[in-house]
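Below is one structure; the comments refer to it alone.
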Amino acid sequence: MLRLAVSALALLALPASAQAPAAQDTGGVLLIENVPTYSAGMGRTDGPFTLISLDGTVVVAPDATARADSASGAWDIGLRGTEVILNGGASGPGERRGRLLPTSLEPGATITGPLGTMPMDGEGECPRGEARVVCHGSGNGWYEYASNGVQPLDRTLLVERPDGTVFQVRFVRYDLGDALPSGVRPRYVTLEVSRATPVDAPAMPAVEQD
């Protein structure tokens, strides 16, 4: 397994346009640990997303003062608390498409298509909030609330770039940090990412929304 462990402090210190070397070889597995995100707060839908590319590059940290890369195709997904956006459709110019599958796939799995029909953010409906590939709310997307906090569900997110590259993403862990002097409590998300191998076959089902 190819492993990338990046501390939260290092991520927060990156400039908005920081581009780290690619950290994943074809067929490898990338563990992106402790990505800092800021929740906007209960019932609120504002605040910055942490924008990352799925080769391990943090493009825009949540506290970056300059966010020019947010309007580019340099990033794949954005995280804000438990919210997830894809860089495409209503959420960005990057033409990323995706599908949240109701099962957890092995890294590097063969993915049945046709992937060109996967939606972008803004297409379809969600039971809560904006229409996104990954719907928000407990049980609607990648997580559920449990007695010990936010727990990832056994699901896999597929993300397709315009060049046809497909990544599979598994949400491994969600941790609540200590309050900062500003009163904000950062969240830390750990992702497992690998390249998927798409084939021309009947489409896999997406998560059904309640």
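Each reported figure results from applying straightforward, stated rules to the coordinates on display, with no laboratory input. All figures in this text were calculated on a predicted structure; none of them were measured in a lab. Here the Cβ positions follow ideal geometry from the backbone for every residue, glycine too, while neighbour counts run over all protein chains shown.
Which distance in nm do the two modelled labels at E123 and S72 give, with both placed 7 Å along the Cα-to-Cβ direction?
Placing both labels 7 Å beyond Cα along the Cβ direction yields 2.6 nm.
In nm, give the distance between the simple-model label positions of T103 and R173, each being 7 Å from the Cα along the Cα-to-Cβ direction.
It works out to 2.7 nm between the two label points.
Given the convex hull over the Cα atoms of the range 82-174, what projected area results after averaging over all orientations, in nm²?
6.0 nm²
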